[in-house]
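What follows is a short report on a single structure.
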Amino acid sequence: MPKDAKYDQIKKLIVIGQISVYFGLLILTSRHIWVFPAKHFIPLVIIMLIGFLPSLLSRYVPAKARPYVLVANALMIVSVVFTLLQEWALTGVFVLVPVFSLLFLDRTIYLFAACSSFVLNIVLALLTFEDIQSSVKFVTLLDVLTVFLILVFIIYFVVKDIRWRDALEARHLQTILTLSQSVEARDPYTQGHSQRVARIAQMVASKFPDLDPELVYNCGLIHDVGKLSVSDLILLKTGRLTEEEYEAMKSHTVSGAKLCNNLHISGEIVKGVLHHHERFDGKGYPHGLQGEEIPFIARVLCIADSIDAMCSNRSYRKALGMDYVRSELDKCKHTQFDSSIVEIVQELWADIVTYYEPNQPLRGNGA
């Protein structure tokens with residue numbers, strides 16, 4: 001990352017810190033005026049108004065040291081506020097420094113912030129509250145530090161878990177996009193098929209609270225991934241398939257599900273890949289599931305896949321007219337399709353038609 005870009009990131013964090021301090025100042029001022037007068041109020045206001053502004057000088061510090069400058073600035077603000085107010089309850093504010101340091105997404109910086117806050121918490125508490133009996137001070141300090149350590153520990157592992165899941169999700173998405181591109185690269189006539197199926201399925205899924213539209217979209221992108229295992233002689237054949245060839249083509253659902261399982265892709269997506277050619281009347285494949293035995297995501301993909309197949313050119317016929325396709329959907333509800341999904345598709349028909357207007361990209365022969 002260029003040096004200027006790195007400093008721009010630091011400036012964003014300075015702004016975040018400054019806003020946080022001003023928010024704290026607002027709360028302190030409200031409390032001072034309407035609840036209970038704060039000790040050393042005017043010096044506190046001055047310190048908090050200055051806030052993170054000294055950190056702007058971090059431009060003149062080596063890039064690796066800049067995060068530590070911001071953490072030190074945060075420690076300074078918290079320490080001064082705690083020392084001037086002299087309230088035991090405020091020992092909890094020291095945990096704000098490790099929280100702030102999480103914005104750097106760096107374990108070393110977080111460790112530095114947590115350890116520094118912990119030490120300063122102890123030292124300032126012991127120095128500030130000299131008039132309290134030693135036994136009371138010890139017990140109170142022990143309680144406060146115990147809570148501090150628990151919070152720091154929990155915050156770190158919660159954030160670490162979230163980042164791990166985000167990274168895993170990003171890898172899965174990249175895998176899905178790569179698989180989708182691999183399938184369509186084998187047959188130029190199917191280019192765009194998976195994306196159109198994904199978009200139609202996503203639109204339909206958005207009308208059902210039990211479905212995650214984004215997950216359905218991702219499933220649509222790779223619903224035909226099993227075709228990677230189908231021979232080019234069959235996949236690229238220009239005429240109608242023989243019965244034997246058709247049986248080989250049908251195997252793409254099982255092959256696709258196995259591939260997704262091996263790549264640890266979401267179980268819901270695997271269900272969609274495996275069962276998107278099942279029929280509501282039980283005459284589909286690979287398992288001949290019937291009615292609600294078919295996973296909901298697969299029922300949605302089935303109708304989206306069929307729409308694109310009918311609306312696209314094939315080697316043995318031209319794309320069918322949109323009015324004809326719509327009537328076929330109505331005719332096949334209760335047999336091939338779930339009638340509740342057909343009703344939603346009919347409601348969304350005006351939006352679906354836009355994918356197949358003359359000014360849209362060339363349509364393939366999706367299967």
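Within region 275-297, identify whether any single residue is closer than 19 Å to residue 197 by Cβ, touching a Pro at 6+ places or on another chain (Cβ under 7 Å) and touching a residue at least 12 places away in the same chain (Cβ under 8 Å), and answer yes or no. Working first, answer last.
From region 275-297, those closer than 19 Å to residue 197 by Cβ are 275-280, 284-286, 294-297; that's our starting set.
If we keep only those that are touching a Pro at 6+ places or on another chain (Cβ under 7 Å) too, we end up with 275.
Then drop every residue that is not touching a residue at least 12 places away in the same chain (Cβ under 8 Å), which leaves 275.
Looking for residues that are closer than 19 Å to residue 197 by Cβ, touching a Pro at 6+ places or on another chain (Cβ under 7 Å) and touching a residue at least 12 places away in the same chain (Cβ under 8 Å), one finds at least one in region 275-297, hence yes.
Between 42, 19, which is among the β-branched types (Val, Ile, Thr) and either within 14 Å of residue 73 (Cβ to Cβ) or surrounded by 11 or more Cβ atoms within 10 Å (Cβ to Cβ) (or both)?
Working: 42 fails: either within 14 Å of residue 73 (Cβ to Cβ) or surrounded by 11 or more Cβ atoms within 10 Å (Cβ to Cβ) (or both).
Of the residues listed, the single one that is among the β-branched types (Val, Ile, Thr) and either within 14 Å of residue 73 (Cβ to Cβ) or surrounded by 11 or more Cβ atoms within 10 Å (Cβ to Cβ) (or both) is 19.
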Scope region 183-213; condition surrounded by 13 or more Cβ atoms within 10 Å (Cβ to Cβ) and at pLDDT below 75; matching residues: 183, 184, 186, 187, 189, 190, 191
Quick count over region 302-353, residues being buried (at least 16 other Cβ atoms within 10 Å of the Cβ), touching a residue at least 40 places away in the same chain (Cβ under 8 Å) and either assigned to a helix (DSSP H, G or I) or polar (S, T, N, Q) (or both), is 12
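Yes/no per residue for (1) surrounded by 15 or more Cβ atoms within 10 Å (Cβ to Cβ); (2) part of a loop (DSSP other than H, G, I, E, B):
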| residue | (1), (2) |
| --- | --- |
| 218 | yes, no |
| 249 | yes, no |
| 289 | yes, yes |
| 292 | no, no |
Please state which of the following conditions residue 297 fails to meet, knowing it meets all the rest: (1) of a type outside the set (Ser, Thr, Tyr); (2) assigned to a helix (DSSP H, G or I); (3) more than 33 Å from the chain's Cα centre (by Cα). (3)
Mind checking which residues of region 218-248 are modelled with pLDDT under 85 and under 22 Å from residue 204 (Cβ atoms)? none
Hey, among 86, 18, which residue is at positive phi, touching a residue at least 24 places away in the same chain (Cβ under 8 Å) and touching a helix residue (DSSP H, G or I) at 6+ places or on another chain (Cβ under 9 Å)? 86
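The values are calculated or read from the model by the stated rules, or taken from the named source; none is laboratory data. Since the model is a prediction, treat every value here as computed from it, not as a measurement. In this analysis, Cβ positions are derived from the backbone assuming ideal geometry, glycine residues included, and neighbour counts consider all displayed protein chains.
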